[in-house]
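K.L.:
This structure is in structure tokens; I'll ask about it shortly.
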Amino acid sequence: MTEALALSPTVEVRPAADRFATRLSWLDSKHSFSFSAHYDPANTHHGLLLVNNDDVVTPGSGFETHPHEDMEIVTWVLRGSLVHQDSTGHSGVIYPGLAQRMSAGTGILHS
């Protein structure tokens with residue numbers, strides 16, 4: 001009989017003030033993942049979660065069209081609304097009370 005391996009999941013709480021920050025004229029982002037100038041090889045995944053952003057986007061602005069692949073992207077809006085468009089022809093408005101899931105699969109462009 002094989003002895004079962006006991007897993008001890010851990011939880012690390014990172015308040016927004018302690019996360020990596022990106023501040024642009026249209027974006028105030030606190031993110032808990034490594035990329036670009038914020039690369040930390042010890043912080044590239046959060047278990048099954050790859051990326052976690054806390055973004056405040058200036059009204060009337062937003063992300064330029066950009067690619068993703070091999071991931072599921074979930075977006076929820078706490079205040080205001082967000083217009084979504086992607087290369088599969090989907091578009092819509094996300095607002096508080098809704099959540100959007102987008103499958104990036106082998107590749108998708110979205111804004």
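K.L.:
Which residue out of Tyr95, Tyr39 is at pLDDT 90 or above and of a type in the set (Phe, Trp, Tyr)?
P.N.:
On the way: Tyr39 fails: at pLDDT 90 or above.
It is Tyr95.
K.L.:
Restricting attention to strands (runs of 3 or more DSSP E) lying wholly within segment 11-111, give those where 2 or more residues are in contact (Cβ under 8 Å) with a residue 24 or more places away in the chain, open to solvent by less than 90 Å² (accessible area, probe 1.4 Å) and not charged (D, E, K, R).
P.N.:
Passing ranges, in order: 27-31, 53-57, 66-68, 72-76, 82-85, 99-103, 108-110.
The values are calculated or read from the model by the stated rules, or taken from the named source; none is laboratory data. Bear in mind the structure is a predicted one, so any value in this text is a computation, not a measurement. Every residue, glycine as well, gets a Cβ built from its backbone with ideal geometry; the counts of neighbours run over all protein chains shown. Note: accessible area is taken over every heavy atom of the protein model, side chains too, but ligands, DNA and RNA are not part of it. Shrake-Rupley method; radii C 1.70, N 1.55, O 1.52, S 1.80 Å.
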